[in-house]
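This report concerns only the one structure given below.
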Amino acid sequence: MSGTAPGPGTAPGFPFRLVATDLDGTLLRSDDTVSARTRDALAAATAAGAAHIVVTGRAVPWTRHILDELGYDGLAVCGQGSQVYHAGEHRLLTSVTLDRQQARLALEKIETETGPLAVAASRDGLDGQVLLGPGYRPIGEELPAVAGADPDELWAEPLNKLYIQHPELDDDTLADAARRIAGDLVSVVMAGEGIVELLPLGLSKARGLSIAARRLGLSATATIAFGDMPNDIPMFAWSAHGVAMAGAHPELLAVADEVTASNDEDGIAVVLERLLAGL
């Protein structure tokens, strides 16, 4: 699966020069694979002159092995837009880090109202570890992390994001509260079940995608984006056309230009095949 740069133009009937796809819940099926049908549709879009960029909330260390297994060698936007990664060269092209002083202040303000939070920290870099502070529930068994880290250790090196959990509040409620309380210090996203994140202020998938697209000489007006969670909302707002997967979060469905089949039902391929046919 190549994420190669676009050719001189698109084939008749295919109106986009950039296809941006979220990873979990969108490009990947529930078993973390990409179907042959979706691979073929993306290859056809590339042959028609479009580029494909993976845009994921996962930081590079949690993304790299998946891209390698897929044979993806193009650009990937990782860490909710904080990193632009060249998969073929295994090279980090750009990186934005979290202001740790502002993040600590944000946490203090949130906890003053919500009570104690469990916190995990994602360190910057190609091999940055994810450190799980006391009480933080692992996001997934397949994602490597260092459990039981000392709270002070979370702040010892540059970070691209923090994960927060609350013992009682659900994800949407926690994200809304954090955004209301500390939205002037950090950006807050809900990226999946049990995944509420604090990011550098102003950071989003849209920002990272715009940087990657500019490297390829492409623009928002030529972009179609696919996603399933609220962290994809800025990417939809930036792109010319946003496609939500069936079963996507209600906040994303509310702003999507269209809804396709689920990730397990080749939702990306359904749309690309239609566009390639000029329908």
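Details
- Screening segment 194-216 for residues that are touching a residue at least 40 places away in the same chain (Cβ under 8 Å) and more than 25 Å from Arg100 (Cα to Cα) and picking the one that is surrounded by the most Cβ atoms within 10 Å (Cβ to Cβ) gives Ala212.
- Segment 220-251 - residue that is in a loop (DSSP other than H, G, I, E, B) and open to solvent by 50 Å² or more (accessible area, probe 1.4 Å) and, of those, farthest from Leu174 (Cα to Cα): Ala240
- Residues of segment 100-116 include at least one that is touching a strand residue (DSSP E or B) at 6+ places or on another chain (Cβ under 9 Å), among the β-branched types (Val, Ile, Thr), at pLDDT 95 or above and buried (at least 23 other Cβ atoms within 10 Å of the Cβ).
- Filter pass, Ala118 being among the small types (Gly, Ala, Ser), touching a Lys or Arg at 6+ places or on another chain (Cβ under 9 Å) and over 24 Å from Arg64 (Cβ atoms): yes
- Residues located in segment 189-219, provided they are polar (S, T, N, Q) and part of a helix (DSSP H, G or I): Ser210
- Selection of segment 122-141 for residues being acidic (Asp, Glu) and free of Cβ contacts under 8 Å to residues at least 24 places away in the same chain yields only Glu141.
- Test: residue in segment 74-81 that is part of a loop (DSSP other than H, G, I, E, B) and either modelled with pLDDT under 95 or surrounded by fewer than 16 Cβ atoms within 10 Å (Cβ to Cβ) (or both): yes
- Residue within segment 157-169 that is modelled with pLDDT of 90 or more and farther than 20 Å from Arg104 by Cα present: yes
- Test: Leu93 is hydrophobic (A, V, I, L, M, F, W, C), touching a residue at least 12 places away in the same chain (Cβ under 8 Å), open to solvent by less than 10 Å² (accessible area, probe 1.4 Å) and assigned to a strand (DSSP E or B): no
- Test: residue in segment 164-172 that is among the aliphatic types (A, V, I, L, M), outside any loop (DSSP other than H, G, I, E, B) and under 30 Å from Gly135 (Cα atoms): yes
- Some residue of segment 131-142 being open to solvent by less than 30 Å² (accessible area, probe 1.4 Å) and part of a strand (DSSP E or B): yes
- Any hit, segment 98-105, residues being assigned to a strand (DSSP E or B) and either at negative phi or of a type in the set (A, V, I, L, M, F, W, C) (or both): no
- Per-region count, segment 252-279, residues open to solvent by 70 Å² or more (accessible area, probe 1.4 Å), within 19 Å of the chain's Cα centre (by Cα) and either in contact (Cβ under 8 Å) with a residue 40 or more places away in the chain or under 22 Å from Asp31 (Cβ atoms) (or both): 1
- Looking only at residues of segment 247-273 that are touching a strand residue (DSSP E or B) at 6+ places or on another chain (Cβ under 6 Å) and not β-branched (Val, Ile, Thr), we find that the one that is nearest to Thr38 (Cα to Cα) is Glu258.
- Top-ranked residue in segment 173-193 [being free of Cβ contacts under 8 Å to residues at least 40 places away in the same chain and not small (Gly, Ala, Ser); ranked as surrounded by the most Cβ atoms within 10 Å (Cβ to Cβ)]: Val188
- Hits in segment 31-73 - residues which are closer than 18 Å to Ile139 by Cβ, surrounded by fewer than 18 Cβ atoms within 10 Å (Cβ to Cβ) and touching an Asp or Glu at 6+ places or on another chain (Cβ under 9 Å): Asp31, Asp32
The values are calculated or read from the model by the stated rules, or taken from the named source; none is laboratory data. Fair warning: this is a prediction, and the values are worked out from it, not measured in the lab. When we count neighbours, we look across all protein chains shown, and the Cβ atoms used for this are built from the backbone with ideal geometry, even at glycine. The accessibility values were calculated without ligands, DNA or RNA, using every heavy atom of the protein model including side chains. Shrake-Rupley method; radii C 1.70, N 1.55, O 1.52, S 1.80 Å.
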